[in-house]
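Enquirer: Encoded as C-alpha coordinates, here's the structure I'll be asking about.
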Amino acid sequence: ITDKGPEKQVKEFPNPTKFEQSYQDFKAKFTVNVPDSKKYVQFSLSIMTFYDQRVLTNVDKHETALRSAVITLVSMEPQETYQSLEGVDGLRERIKNALNKVLMKYEDFGGIEEVYFTEFVIQ
(Lines give C-alpha, C1' and ligand atoms only; values in the text may rest on other atoms or scores of the structure.)
Protein backbone atom coordinates (compact mmCIF):
# COMPACT_ATOMS: atom_id res chain seq x y z
CA ILE A 1 0.00 0.00 0.00
CA THR A 2 1.40 3.38 -0.96
CA ASP A 3 1.07 6.44 1.22
CA LYS A 4 -1.13 9.02 -0.45
CA GLY A 5 0.64 11.79 1.46
CA PRO A 6 -0.71 14.24 3.99
CA GLU A 7 -4.19 15.67 3.80
CA LYS A 8 -4.71 19.19 2.51
CA GLN A 9 -5.48 21.63 5.31
CA VAL A 10 -8.86 23.31 5.07
CA LYS A 11 -9.32 26.90 6.22
CA GLU A 12 -12.04 27.14 8.84
CA PHE A 13 -12.77 30.83 8.31
CA PRO A 14 -14.04 32.65 6.28
CA ASN A 15 -14.47 30.04 3.52
CA PRO A 16 -14.31 26.42 4.73
CA THR A 17 -13.69 25.05 1.22
CA LYS A 18 -10.57 27.13 0.60
CA PHE A 19 -7.21 25.46 1.25
CA GLU A 20 -4.62 27.09 3.53
CA GLN A 21 -1.25 27.93 1.96
CA SER A 22 2.02 27.49 3.80
CA TYR A 23 5.24 29.12 2.59
CA GLN A 24 8.87 28.33 3.32
CA ASP A 25 12.11 29.91 2.13
CA PHE A 26 15.24 27.98 1.29
CA LYS A 27 17.83 29.01 3.87
CA ALA A 28 20.55 30.20 1.46
CA LYS A 29 20.70 31.92 -1.92
CA PHE A 30 21.54 30.00 -5.07
CA THR A 31 24.39 31.17 -7.31
CA VAL A 32 24.73 29.45 -10.68
CA ASN A 33 26.81 30.15 -13.78
CA VAL A 34 24.92 30.73 -17.03
CA PRO A 35 26.24 28.29 -19.67
CA ASP A 36 28.26 29.68 -22.61
CA SER A 37 28.45 33.06 -20.92
CA LYS A 38 30.47 34.98 -18.35
CA LYS A 39 27.25 35.71 -16.47
CA TYR A 40 25.72 34.10 -13.43
CA VAL A 41 22.33 34.12 -11.75
CA GLN A 42 21.81 34.54 -8.05
CA PHE A 43 18.38 33.96 -6.57
CA SER A 44 16.42 33.05 -3.48
CA LEU A 45 13.58 30.52 -3.60
CA SER A 46 10.44 30.03 -1.59
CA ILE A 47 7.98 27.17 -1.92
CA MET A 48 4.23 27.03 -1.28
CA THR A 49 2.15 24.00 -0.33
CA PHE A 50 -1.50 23.41 0.47
CA TYR A 51 -0.54 20.33 2.50
CA ASP A 52 0.36 20.08 6.15
CA GLN A 53 3.65 20.67 8.00
CA ARG A 54 5.12 17.36 6.77
CA VAL A 55 5.88 18.89 3.36
CA LEU A 56 7.79 21.76 4.97
CA THR A 57 9.57 19.32 7.29
CA ASN A 58 10.55 17.20 4.27
CA VAL A 59 11.91 20.28 2.47
CA ASP A 60 14.11 21.02 5.49
CA LYS A 61 15.15 17.39 5.86
CA HIS A 62 16.20 17.05 2.19
CA GLU A 63 17.43 20.60 1.56
CA THR A 64 20.86 19.42 0.38
CA ALA A 65 19.35 17.12 -2.27
CA LEU A 66 16.79 19.76 -3.25
CA ARG A 67 19.47 22.46 -3.61
CA SER A 68 21.54 20.11 -5.76
CA ALA A 69 18.57 19.43 -8.04
CA VAL A 70 17.91 23.17 -8.46
CA ILE A 71 21.57 23.99 -9.16
CA THR A 72 21.87 21.15 -11.67
CA LEU A 73 18.72 22.25 -13.48
CA VAL A 74 19.53 25.98 -13.52
CA SER A 75 23.13 25.36 -14.63
CA MET A 76 21.74 23.94 -17.90
CA GLU A 77 19.46 26.91 -18.65
CA PRO A 78 20.51 29.03 -21.63
CA GLN A 79 20.80 32.80 -21.25
CA GLU A 80 17.59 33.24 -23.30
CA THR A 81 15.58 31.76 -20.41
CA TYR A 82 16.13 34.95 -18.41
CA GLN A 83 15.13 37.33 -21.20
CA SER A 84 11.35 36.85 -21.02
CA LEU A 85 8.62 36.39 -18.46
CA GLU A 86 7.64 33.14 -20.19
CA GLY A 87 11.21 31.87 -19.87
CA VAL A 88 11.41 32.62 -16.16
CA ASP A 89 7.92 31.21 -15.52
CA GLY A 90 8.90 28.03 -17.36
CA LEU A 91 12.03 27.79 -15.21
CA ARG A 92 9.96 28.11 -12.02
CA GLU A 93 7.73 25.26 -13.25
CA ARG A 94 10.75 23.07 -14.04
CA ILE A 95 12.24 23.83 -10.60
CA LYS A 96 8.93 22.87 -8.94
CA ASN A 97 8.85 19.59 -10.86
CA ALA A 98 12.49 18.84 -9.95
CA LEU A 99 11.84 19.54 -6.25
CA ASN A 100 8.76 17.31 -6.21
CA LYS A 101 10.73 14.56 -7.96
CA VAL A 102 13.38 14.64 -5.20
CA LEU A 103 10.72 14.56 -2.49
CA MET A 104 8.95 11.67 -4.25
CA LYS A 105 12.24 9.77 -4.33
CA TYR A 106 12.88 10.10 -0.60
CA GLU A 107 9.43 10.52 0.95
CA ASP A 108 7.01 9.08 -1.67
CA PHE A 109 5.19 12.42 -1.72
CA GLY A 110 6.01 15.82 -3.24
CA GLY A 111 3.41 18.39 -2.23
CA ILE A 112 5.05 21.57 -3.56
CA GLU A 113 2.37 23.55 -5.38
CA GLU A 114 4.35 26.65 -6.37
CA VAL A 115 7.92 27.93 -6.42
CA TYR A 116 8.64 31.65 -6.11
CA PHE A 117 11.75 33.71 -6.74
CA THR A 118 12.01 36.06 -3.76
CA GLU A 119 15.26 37.60 -5.07
CA PHE A 120 16.70 37.35 -8.56
CA VAL A 121 19.87 38.90 -10.04
CA ILE A 122 21.61 38.11 -13.32
CA GLN A 123 25.08 39.61 -13.84
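Enquirer: Just to be sure before I move on: is Asp3 at pLDDT below 95, more than 12 Å from the chain's Cα centre (by Cα) and within 17 Å of Lys105 (Cα to Cα) in the structure I sent? Before the answer, list the steps.
Expert: Numbers: at pLDDT below 95: yes; more than 12 Å from the chain's Cα centre (by Cα): yes; within 17 Å of Lys105 (Cα to Cα): yes.
Yes, satisfied.
Enquirer: Out of (1) aromatic (Phe, Trp, Tyr); (2) loosely packed, with under 15 Cβ neighbours inside 10 Å; (3) under 13 Å from the mean Cα position of the chain (by Cα), the odd one out for Phe117 is which?
Expert: Single failed check for Phe117: (2).
Enquirer: Right, something else. Can you pull out the residues in the stretch 102-114 that are surrounded by 14 or more Cβ atoms within 10 Å (Cβ to Cβ) and out of contact with any Asp or Glu (no Cβ under 8 Å at 6 or more places or on another chain)?
Expert: Answer for the stretch 102-114, where residues must be surrounded by 14 or more Cβ atoms within 10 Å (Cβ to Cβ) and out of contact with any Asp or Glu (no Cβ under 8 Å at 6 or more places or on another chain): Val102, Leu103, Glu107, Gly110, Gly111, Ile112, Glu113, Glu114.
Enquirer: Take the residues of the stretch 28-47 that are under 11 Å from the mean Cα position of the chain (by Cα) and more than 21 Å from Lys105 (Cβ to Cβ): which is surrounded by the most Cβ atoms within 10 Å (Cβ to Cβ)?
Expert: My answer is Ser44.
Enquirer: I need the full set of residues from the stretch 84-99 which are within 18 Å of Asn33 (Cα to Cα), without any contact (Cβ under 8 Å) to a residue 24 or more places away in the chain and open to solvent by less than 70 Å² (accessible area, probe 1.4 Å), in order please.
Expert: Gly87, Leu91
Enquirer: State all residues of the stretch 68-83 that are within 14 Å of Ala98 (Cβ to Cβ) and open to solvent by 50 Å² or more (accessible area, probe 1.4 Å); if no residue qualifies, say none. Step through it out loud before you land on a result.
Expert: Of the stretch 68-83, the ones within 14 Å of Ala98 (Cβ to Cβ) are 68-77.
Within the stretch 68-83, Ser68, Ile71, Thr72, Met76 qualify.
The values are calculated or read from the model by the stated rules, or taken from the named source; none is laboratory data. Nothing here was measured: the structure is a model prediction, and the numbers come from that model. In this analysis, Cβ positions are derived from the backbone assuming ideal geometry, glycine residues included, and neighbour counts consider all displayed protein chains. With ligands, DNA and RNA removed, areas are computed over all heavy atoms of the protein, side chains included. Shrake-Rupley method; radii C 1.70, N 1.55, O 1.52, S 1.80 Å.
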